[in-house]
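So the structure is just underneath, and the comments pick up after that.
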Amino acid sequence: MNQDLFKFLLRWADNSLIHGQRLAQWCGHGPALEEDIALTNTALDYIGQATNLYKYAAQIEGQGRDEDQIAFLRDEWEYYNLVLLEQPNGDYAFTMARQFLFATWYHLVLNEMMQSQDAFLSGFAEKSAKELKYHVVHARDWMLRMGDGTEESHSRIQKAVDEVWAYLPEMFEMDELDQRMLQQGIGVDLKKIQTQWRSQIEAVLTEATLRIPADGWGHTGGKNGKHSEHLGYILAEMQYLQRTYPGAKW
Amino acid sequence: MVINEQPNTDRIWEWMKEVEDPEIPVLNVIDLGVVRKIGYEGETLVVTITPTYSGCPAMKTIEKDIAEVLEEYGVNNYRIETVLSPAWTTDWMSDEGKLKLHQVGIAPPVGHSADKSLLMGKIRTVRCPICGSEDTQMVSQFGSTACKALYKCENCLEPFDHFKCI
């Protein structure tokens, strides 16, 4: 098995799954019906993307596991998503600030991934980028509405951006695995994306009359299985049925 | 009914029109552009499909329905394959499909998917499928299914779905 590729795929798949699970938590709790529908639609895109990646990862692993076994039977330290994505939803401002800053980055990642030498990944990226475009537009609208809105909405979204900020450096980390994947023409140069991402989000934050936080210390570790306390709770809920009734079928 | 010789793929394309989209049953999978390829690999018939959206919950049902139609026509040696690339686009929707959408009150996709204006914050004019007015407004980018956005008509005041152009 290509261990590098397997872990590389899981990083992207786990990002999608965990982010999708968090967004899906808004189901029935959205601030308006349209938003409830928007976030669940968005969650569905991410969960679908995760399924596609897990299927391919299972094929690369070649151990006869399927996408569901990979999702439902791994523990926290075998999950490689960004620490940002497992954080609780907070208020709508936090959810949207995270969604905007993450989706803008992921959209750029996918645009780069379309050039991957791995035929599956380039096809996956082409497909998913179309969906991300809608996520970015939706989140950007909310940044403008909240930032350039009332005193309360402004202060809440500013606080959310400040909080999310400390989780962002992990998005641009290039560890040895990322380097090897890049050298093989499979991976993505995350450093290259950083400048583009920065200019895109700065333009929106400025238009939304928001202050751009100072860069500093960042939370990290998720890409190598070191997580905050919150991931365990998500997995406990998500995996409950398969853990309690192993092999249960729908 | 059992057919011993391999049915011609042109006939199978016709049969596929019997498979409805479970979420928008007025459309069949050919109207929708979800069936990409039909061909034989030796004795095995291979039907290649592609999802509209990555998380489209209708795909499993579509796969099952395709299998049912094939078996009804006596085809038992088949495989249904899902591919992601090239990514599905509303450009593949048949004109007949667009007309059918319009007739059931869903505004069909407008323009061409290569148009990048959405990212620039521009919204295309979508005609109200009920009164035909162009005085419409988008309520939400996301609607009752992954492929639709929610609109309202400022003229007849009816809300309606718009099949997004992607």
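If I ask for residues that are assigned to a helix (DSSP H, G or I) and either facing chain B (nearest Cβ under 8 Å) or touching a Ser or Thr at 6+ places or on another chain (Cβ under 7 Å) (or both), which ones from the stretch A:111-124 would you list?
A:113, A:119, A:120, A:122, A:123, A:124
Can you pull out every residue in the stretch A:51-67 that is among the hydrophobic types (A, V, I, L, M, F, W, C) and free of Cβ contacts under 8 Å to residues at least 60 places away in the same chain?
If the condition is that a residue be among the hydrophobic types (A, V, I, L, M, F, W, C) and free of Cβ contacts under 8 Å to residues at least 60 places away in the same chain, then A:57, A:58, A:60 are the ones that fit.
Tell me which residues, restricted to the stretch B:24-42, are touching a Lys or Arg at 6+ places or on another chain (Cβ under 9 Å) and either within 19 Å of residue B:97 (Cα to Cα) or in a loop (DSSP other than H, G, I, E, B) (or both).
Those that are touching a Lys or Arg at 6+ places or on another chain (Cβ under 9 Å) and either within 19 Å of residue B:97 (Cα to Cα) or in a loop (DSSP other than H, G, I, E, B) (or both): B:24, B:26, B:27, B:28, B:29, B:30, B:31.
Give me the residue from the stretch B:139-160 that is under 19 Å from residue A:134 (Cβ atoms) and in contact with a Ser or Thr (Cβ under 6 Å, 6 or more places away or on another chain) and, out of that set, farthest from the other protein chains (Cβ to nearest Cβ).
Per the stated criteria, the residue is B:151.
Looking at (1) modelled with pLDDT of 95 or more; (2) assigned to a loop (DSSP other than H, G, I, E, B), can you tell me which one residue B:129 breaks?
Single failed check for residue B:129: (1).
Those residues that are away from chain A (no Cβ under 14 Å) and of a type outside the set (S, T, N, Q), I need them from the stretch B:41-61; list them, please.
Looking only at the stretch B:41-61, we keep the residues that are away from chain A (no Cβ under 14 Å), and these are B:41-47.
Hits for the stretch B:41-61 are B:41, B:42, B:43, B:45, B:46, B:47.
Output yes when any residue across the stretch A:38-45 is within 14 Å of chain B (Cβ to nearest Cβ) and within 30 Å of residue A:185 (Cβ to Cβ), and no when none is.
Residues of the stretch A:38-45 within 14 Å of chain B (Cβ to nearest Cβ): A:38-45.
From what's left, within 30 Å of residue A:185 (Cβ to Cβ): A:45.
Yes, because at least one residue in the stretch A:38-45 is within 14 Å of chain B (Cβ to nearest Cβ) and within 30 Å of residue A:185 (Cβ to Cβ).
Tell me the residue from B:85, B:113 that is surrounded by fewer than 20 Cβ atoms within 10 Å (Cβ to Cβ), in a loop (DSSP other than H, G, I, E, B), within 13 Å of chain A (Cβ to nearest Cβ) and out of contact with any Gly (no Cβ under 9 Å at 6 or more places or on another chain), please.
B:113
Say we look at the stretch A:11-34 and pick out the residues that are modelled with pLDDT under 95 and not in a loop (DSSP other than H, G, I, E, B); which of these is farthest from the other protein chains (Cβ to nearest Cβ)?
A:33
Considering (1) touching a residue at least 40 places away in the same chain (Cβ under 8 Å); (2) within 24 Å of residue A:197 (Cβ to Cβ), say which one residue A:46 fails and leave the rest.
Residue A:46 satisfies all of (1) touching a residue at least 40 places away in the same chain (Cβ under 8 Å); (2) within 24 Å of residue A:197 (Cβ to Cβ) except (1).
Can you name every residue in the stretch A:130-143 that is surrounded by fewer than 19 Cβ atoms within 10 Å (Cβ to Cβ) and more than 8 Å from chain B (Cβ to nearest Cβ)?
Hit for the stretch A:130-143 is A:141, nothing else.
Looking only at helices (runs of 4 or more DSSP H) that fall completely inside the stretch A:128-236, which ones have 2 or more residues that are among the small types (Gly, Ala, Ser)?
A:151-165, A:190-207
Would you please name the residue that is nearest to the chain's Cα centre (by Cα), looking only at residues in the stretch A:76-129 that are polar (S, T, N, Q) and open to solvent by 10 Å² or more (accessible area, probe 1.4 Å)?
Taking the stretch A:76-129 as the starting set, the residues that turn out to be polar (S, T, N, Q) are A:81, A:87, A:89, A:95, A:99, A:104, A:111, A:115-117, A:122, A:128.
Right, trim to open to solvent by 10 Å² or more (accessible area, probe 1.4 Å) and you get A:87, A:89, A:111, A:115-117, A:122.
Working: A:87: 11, A:89: 13, A:111: 15, A:115: 20, A:116: 19, A:117: 23, A:122: 18 Å.
Ranking the qualifying residues of the stretch A:76-129, first place goes to A:87.
Yes/no per residue for (1) assigned by TED's automatic domain parsing to the domain that holds residue B:129; (2) β-branched (Val, Ile, Thr):
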site	(1), (2)
B:33	no, no
B:75	no, yes
B:98	yes, no
B:102	yes, no
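I'm told residue A:167 meets every condition in (1) within 14 Å of chain B (Cβ to nearest Cβ); (2) in contact (Cβ under 8 Å) with a residue 24 or more places away in the chain except one. Can you identify the failing condition by its number?
The one condition residue A:167 does not meet is (1).
The values are calculated or read from the model by the stated rules, or taken from the named source; none is laboratory data. All values derive from a computational prediction rather than experimental measurement. So basically every Cβ, Gly included, is an ideal-geometry build from the backbone, and we count neighbours across all protein chains shown. Ligands, DNA and RNA are excluded from the accessible area calculation, which covers all protein heavy atoms including side chains. Shrake-Rupley method; radii C 1.70, N 1.55, O 1.52, S 1.80 Å.
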